[in-house]
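Student: This is the structure I have questions about; it appears just below.
The values are calculated or read from the model by the stated rules, or taken from the named source; none is laboratory data. The shown structure was predicted, so the numbers you read here are calculated from the model rather than taken from an experiment. All Cβ positions, glycine included, derive from the backbone under ideal geometry; neighbour counts span all protein chains shown.
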Amino acid sequence: MKTNKSSFLLRNREPLLALAIIGPFLLWYLIINLFPLVTGFLLGFMEWNGLTASPKWVGLNNLKVFFETPSYLSSLWKQLYIGLLCLTVNVAVAFFLALLLNMPLRGRGFFRSAFYIPSITSVATTTAVLLSLLQPQGGGLNGFLETIGMNPIIWTYSPFWMTFWIVVYYTWRSVGPTAIIWLAGLQSIDPTLYEVGKIDGAGRWQLIRYVTIPGLRPIAAYIMITGIIAVMQMWDLVMLISRGGPTGATDVLAYRVYRDGLQSFNLGMAGASSLVLGVLTLLLSFVYLRIFLKGEED
Amino acid sequence: MTWSRRLIIYFFLALGTVITIYPLLFSFLAGFWDKDLFGGAARLMPIPDKWLTTKYAMFFGNDAFRPFLNSFLRVFWYAFYITVMAVLIGYVLSRLRFPGRKLFFVFILAVQLIPSSLMFIPTYVEMARFPLIGGNDLMGQGGTGFINHPLVLYVMIGGASFMWVYLFRQAMNGLPKDYEEAAYIDGSGFFRTLFLIIVPIQKPIIATIILSNAIATWNDFLTPFIYISDQKFMTMAGYVGLLVSRLTAFGSRDYPLVFALATVTTIPPLLIFLFMQKYIVQGFASAGIKG
């Protein structure tokens, strides 16, 4: 018996070792995440205040309410357009910075570090600066406007300006890491391709079109997909900077999920909204991948 | 490159640097103000007329020191847990053969794609109804579960953390097996080989994992903001987030206090970054290239 047992252990040494190592981590991950994952899909079809009563199955009712209520639809729209605005500006500015950082200059390392610093600060600590600057009275920006002889602006009452500052803050905090990835992409392109192109008589724009852009495709896909996932669930900085205001102009859906779910305990509607957001996030990522892969073929 | 072009590029880079550093400097200076004076200051660069250290001193005085310690504890725990997980599982995935290996690898990639917005509310429900915690019975009723429970800041683990497993597995796949095989022939066991041979070789990527997770955990303000209400269990970022969220809601606005605490909160990750940036920046870039 004993020899049998030990030979079983010996014969299956690697699978058993793998199980013993992966098992505990996997188990803990599943304990924490399996229930939310399953419920995440089901919650949208229930009515529940999450406290005492049991959830009640209401089918598609929550989703119906979602798509028939203008404020939900406009929150979804705000998540999309504020999110995509943040993403586009960030990606574009980062690309510009990466081009500058890719030039043979002294002190590149210093600038690279400087641009990276905002991303290692907490959203909680740096939004306070923006809030203070935007104060209508005694705020730094209006003080500056007055010293140069312009009229002060009541920033917090203006949908345009609050959206603007959210985009500025998002870009400020994310541009460094995004530029680093662009830079890694630029530097991963084989320099001999440029040499060959030059010998064949390609101009600067042709080099960009036929060498740089195709070489950056995988990096662009990575940046866009991680970016889409990030902006589609962004609400922390919206909560701190504008509270969704003025009059709901920056009330993105993910912030609404937080308020529906954890302040009003309307878990069904929070679930339905998360479902819409989650599915849309996956869809956008797939669409982007699809376009990108199609481009790869030609 | 002509000198004029060079000048233009330096101008843009310098402008960018001023913009990136400005909020940190603002925060640092504004922490030296008196609350009422600051309310009417209206300055872009709030250099104080009178340098008061009372707000910075409040960090040691009342509420903030405990959250500061909690932040450190939490950082140690997650940097430790995720690094151990990444090294062990990444090594197993790269070197051991076992049934279901391919499937588990797909699992690791798939869980990273689950939108966290989908999990947010149900996770809260699960935490509130977790059995046998915080006064809950076996069915998860009767108590408050993990809500405002000190352990809630330590038990949660998201699918995104598997990115580090993936990264370590990639690093292992790029390493020839020669070193380990020599060690095995000399009679070294699995864990001995891992810790004495592999870990020293993979030091840079391990440093990346430790430091990136330390900074991310330190800066996470949403988890404590959502789950913790008791000051004793709060973290620093959560506490500052709470104060900032009150700036827009309530009447009394002690901006200088918020700025003093925010500045103190920014110091640890800033120090880590300044001294170890090689690992953080390169690790981040390599994650992008390989992902």
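Student: So for the stretch B:88-101 (the condition being at the interface with another protein chain (Cβ under 8 Å from one of its Cβ atoms) and closer than 29 Å to B:Met236 by Cα), does at least one residue qualify? Let's see the steps before the verdict.
Tutor: Step one: list which residues in the stretch B:88-101 are at the interface with another protein chain (Cβ under 8 Å from one of its Cβ atoms), which gives B:88-89, B:92, B:96-99, B:101.
Going one step further and asking which of them are closer than 29 Å to B:Met236 by Cα, we end up with none.
No, the stretch B:88-101 contains no residue that is at the interface with another protein chain (Cβ under 8 Å from one of its Cβ atoms) and closer than 29 Å to B:Met236 by Cα.
Student: Take A:Trp182 and decide whether it is exposed (fewer than 14 other Cβ atoms within 10 Å of the Cβ), assigned to a helix (DSSP H, G or I), assigned by TED's automatic domain parsing to the domain that holds A:Leu131 and hydrophobic (A, V, I, L, M, F, W, C). Spell out how you get there, then give the answer.
Tutor: Numbers: exposed (fewer than 14 other Cβ atoms within 10 Å of the Cβ): no; assigned to a helix (DSSP H, G or I): yes; assigned by TED's automatic domain parsing to the domain that holds A:Leu131: yes; hydrophobic (A, V, I, L, M, F, W, C): yes.
Answer is no for this residue.
Student: Take the residues in the stretch B:128-142 that are facing another protein chain (nearest Cβ under 9 Å) and modelled with pLDDT of 80 or more; name whichever of them is surrounded by the most Cβ atoms within 10 Å (Cβ to Cβ).
Tutor: Taking the stretch B:128-142 and keeping what is facing another protein chain (nearest Cβ under 9 Å), we get B:128-129, B:141.
When the remaining residues are screened for being modelled with pLDDT of 80 or more, the result is B:128-129.
Numbers: B:Ala128: 23, B:Arg129: 20.
For the stretch B:128-142, the residue satisfying everything is B:Ala128.
Student: Can you tell me which residue is farthest from the other protein chains (Cβ to nearest Cβ) among those in the stretch A:90-111 that are part of a helix (DSSP H, G or I) and surrounded by fewer than 17 Cβ atoms within 10 Å (Cβ to Cβ)?
Tutor: Narrowing the stretch A:90-111 to residues part of a helix (DSSP H, G or I): A:90-101, A:108-111.
Then drop every residue that is not surrounded by fewer than 17 Cβ atoms within 10 Å (Cβ to Cβ), which leaves A:92, A:96, A:99, A:108-110.
Values: A:Ala92: 14, A:Phe96: 8, A:Leu99: 9, A:Arg108: 9, A:Gly109: 9, A:Phe110: 8 Å.
Result: A:Ala92.
Student: A follow-up question, please. Looking at the stretch B:102-122 only, could you name the residues that are more than 9 Å from chain A (Cβ to nearest Cβ), assigned to a helix (DSSP H, G or I) and closer than 18 Å to A:Ser285 by Cβ? Before you say what the answer is, go through the steps one by one.
Tutor: Here is the first cut: in the stretch B:102-122, the ones more than 9 Å from chain A (Cβ to nearest Cβ) are B:102-103, B:105-106, B:108-110, B:112.
After this cut, where a residue has to be assigned to a helix (DSSP H, G or I) as well, the list is B:102-103, B:105-106, B:108-110.
Once the filter is applied, which keeps residues that are more than 9 Å from chain A (Cβ to nearest Cβ), assigned to a helix (DSSP H, G or I) and closer than 18 Å to A:Ser285 by Cβ, the stretch B:102-122 yields B:Val106, B:Ile108, B:Leu109, B:Ala110.
Student: Report, by residue number, each residue of the stretch B:30-51 that is without any contact (Cβ under 8 Å) to a residue 60 or more places away in the chain and surrounded by 16 or more Cβ atoms within 10 Å (Cβ to Cβ).
Tutor: B:Ala41, B:Ala42, B:Arg43, B:Pro46, B:Pro48
Student: Select from the stretch A:240-257 the residues that are buried (at least 23 other Cβ atoms within 10 Å of the Cβ) and more than 18 Å from A:Leu73 (Cβ to Cβ) and write down the one among them that is nearest to the other protein chains (Cβ to nearest Cβ).
Tutor: Filtering first and then ranking leaves A:Leu240.
Student: For the stretch B:45-58, indicate whether the set of residues that are assigned to a helix (DSSP H, G or I) and out of contact with any helix residue (DSSP H, G or I) (no Cβ under 7 Å at 6 or more places or on another chain) is non-empty. Outline the logic, then answer.
Tutor: If we filter the stretch B:45-58 for residues that are assigned to a helix (DSSP H, G or I), which is where we start, we get B:54-58.
So of that shortlist, the ones also out of contact with any helix residue (DSSP H, G or I) (no Cβ under 7 Å at 6 or more places or on another chain) come out as B:54, B:57.
Within the stretch B:45-58, one or more residues are assigned to a helix (DSSP H, G or I) and out of contact with any helix residue (DSSP H, G or I) (no Cβ under 7 Å at 6 or more places or on another chain).
Student: Restricting the stretch B:145-182 to residues that are assigned to a helix (DSSP H, G or I) and free of Cβ contacts under 8 Å to residues at least 60 places away in the same chain, which is nearest to A:Ile229 (Cα to Cα)?
Tutor: Step one: list which residues in the stretch B:145-182 are assigned to a helix (DSSP H, G or I), which gives B:152-155, B:159-173, B:178-182.
Restricting the remaining residues to those that are free of Cβ contacts under 8 Å to residues at least 60 places away in the same chain gives B:155, B:159-160, B:162, B:178-179, B:181-182.
Details: B:Val155: 24, B:Gly159: 13, B:Ala160: 12, B:Phe162: 16, B:Asp178: 40, B:Tyr179: 40, B:Glu181: 42, B:Ala182: 44 Å.
Per the criteria, the residue is B:Ala160.
Student: Can you spot a residue in the stretch A:112-126 that is more than 21 Å from B:Ile21 (Cα to Cα) and more than 8 Å from chain B (Cβ to nearest Cβ)? Spell out how you get there, then give the answer.
Tutor: First pass over the stretch A:112-126, keeping only residues more than 21 Å from B:Ile21 (Cα to Cα): none.
For the stretch A:112-126, residues more than 21 Å from B:Ile21 (Cα to Cα) and more than 8 Å from chain B (Cβ to nearest Cβ): absent.
Student: Then there is this: Applying the selection to the stretch B:6-18, what residues are facing chain A (nearest Cβ under 7 Å) and either surrounded by 15 or more Cβ atoms within 10 Å (Cβ to Cβ) or modelled with pLDDT under 85 (or both)?
Tutor: Within the stretch B:6-18, B:Ile9, B:Leu13, B:Gly16, B:Thr17 qualify.
Student: Among the residues of the stretch A:40-55, are any among the β-branched types (Val, Ile, Thr) and facing chain B (nearest Cβ under 8 Å)?
Tutor: Within the stretch A:40-55 (the criterion being among the β-branched types (Val, Ile, Thr) and facing chain B (nearest Cβ under 8 Å)), the answer is no, since none of the residues qualifies.
Student: Provide a single number: the residues in the stretch B:244-260 that are in a helix (DSSP H, G or I) and either charged (D, E, K, R) or within 8 Å of chain A (Cβ to nearest Cβ) (or both). Quick ask: steps written out before the conclusion?
Tutor: Step one: filter the stretch B:244-260 for residues in a helix (DSSP H, G or I), giving B:244-247, B:255-260.
Adding the requirement that they be either charged (D, E, K, R) or within 8 Å of chain A (Cβ to nearest Cβ) (or both) leaves B:244-247, B:255, B:258-259.
Counting residues in the stretch B:244-260 that are in a helix (DSSP H, G or I) and either charged (D, E, K, R) or within 8 Å of chain A (Cβ to nearest Cβ) (or both) gives 7.
Student: Let me ask you something else. Given B:Ile209, B:Ile205, which one is surrounded by 20 or more Cβ atoms within 10 Å (Cβ to Cβ), of a type outside the set (D, E, K, R) and either farther than 30 Å from B:Thr123 by Cα or free of Cβ contacts under 8 Å to residues at least 24 places away in the same chain (or both)?
Tutor: B:Ile205 is the lone residue from the list that is surrounded by 20 or more Cβ atoms within 10 Å (Cβ to Cβ), of a type outside the set (D, E, K, R) and either farther than 30 Å from B:Thr123 by Cα or free of Cβ contacts under 8 Å to residues at least 24 places away in the same chain (or both).
Student: Read through the list (1) assigned to a helix (DSSP H, G or I); (2) touching a helix residue (DSSP H, G or I) at 6+ places or on another chain (Cβ under 9 Å); (3) without any contact (Cβ under 8 Å) to a residue 40 or more places away in the chain, then give the number of the only condition that B:Phe130 fails.
Tutor: With respect to (1) assigned to a helix (DSSP H, G or I); (2) touching a helix residue (DSSP H, G or I) at 6+ places or on another chain (Cβ under 9 Å); (3) without any contact (Cβ under 8 Å) to a residue 40 or more places away in the chain, B:Phe130 is out only on (1).
Student: Do you know which residues across the stretch B:116-127 are of a type in the set (Gly, Ala, Ser) and either surrounded by fewer than 23 Cβ atoms within 10 Å (Cβ to Cβ) or over 24 Å from the mean Cα position of the chain (by Cα) (or both)?
Tutor: Looking only at the stretch B:116-127, we keep the residues that are of a type in the set (Gly, Ala, Ser), and these are B:116-117.
B:Ser116, the sole residue that qualifies.
Student: Where residues in the stretch A:185-216 are in contact (Cβ under 8 Å) with a residue 24 or more places away in the chain and surrounded by 15 or more Cβ atoms within 10 Å (Cβ to Cβ), which of them is farthest from the other protein chains (Cβ to nearest Cβ)?
Tutor: Going through the qualifying residues, I end up with A:Thr212.
Student: Could I ask something else about it? If you take the residues of the stretch B:171-188 that are under 34 Å from the mean Cα position of the chain (by Cα) and of a type outside the set (Asp, Glu), which of them is surrounded by the most Cβ atoms within 10 Å (Cβ to Cβ)?
Tutor: Here is the first cut: in the stretch B:171-188, the residues under 34 Å from the mean Cα position of the chain (by Cα) are B:171-177, B:179-180.
From what's left, of a type outside the set (Asp, Glu): B:171-177, B:179.
On the way: B:Ala171: 24, B:Met172: 20, B:Asn173: 11, B:Gly174: 10, B:Leu175: 14, B:Pro176: 7, B:Lys177: 11, B:Tyr179: 14.
Looking at residues that are under 34 Å from the mean Cα position of the chain (by Cα) and of a type outside the set (Asp, Glu), I get B:Ala171.
Student: Give me a count of the residues in the stretch B:20-44 that are away from every other protein chain (no Cβ under 11 Å) and part of a helix (DSSP H, G or I). Before you say what the answer is, go through the steps one by one.
Tutor: So the first thing to find is which residues in the stretch B:20-44 are away from every other protein chain (no Cβ under 11 Å), and the list is B:32, B:34-35.
Subset that is part of a helix (DSSP H, G or I): B:35.
Residues flagged as away from every other protein chain (no Cβ under 11 Å) and part of a helix (DSSP H, G or I) within the stretch B:20-44 amount to 1.
Student: Same structure, new question: For the list (1) surrounded by fewer than 20 Cβ atoms within 10 Å (Cβ to Cβ); (2) among the aromatic types (Phe, Trp, Tyr); (3) within 10 Å of another protein chain (Cβ to nearest Cβ); (4) under 30 Å from B:Ile215 (Cα atoms), I need the number of the one condition that A:Tyr169 fails.
Tutor: (1)
Student: At the interface with chain A (Cβ under 8 Å from one of its Cβ atoms) and farther than 23 Å from A:Phe25 by Cα - does that describe any residue in the stretch B:46-61? Steps first, please.
Tutor: First, pick out the residues of the stretch B:46-61 that are at the interface with chain A (Cβ under 8 Å from one of its Cβ atoms): B:46.
Now drop any that are not farther than 23 Å from A:Phe25 by Cα, which leaves B:46.
Looking through the stretch B:46-61, at least one residue is at the interface with chain A (Cβ under 8 Å from one of its Cβ atoms) and farther than 23 Å from A:Phe25 by Cα.
Student: Which one is surrounded by the fewest Cβ atoms within 10 Å (Cβ to Cβ), of the residues in the stretch B:228-243 that are in a helix (DSSP H, G or I) and more than 10 Å from chain A (Cβ to nearest Cβ)?
Tutor: Going through the stretch B:228-243, the residues in a helix (DSSP H, G or I) turn out to be B:231-233, B:236-243.
Within this subset, residues satisfying the condition of being more than 10 Å from chain A (Cβ to nearest Cβ) are B:231-233.
Details: B:Gln231: 14, B:Lys232: 11, B:Phe233: 19.
Here the answer is B:Lys232.
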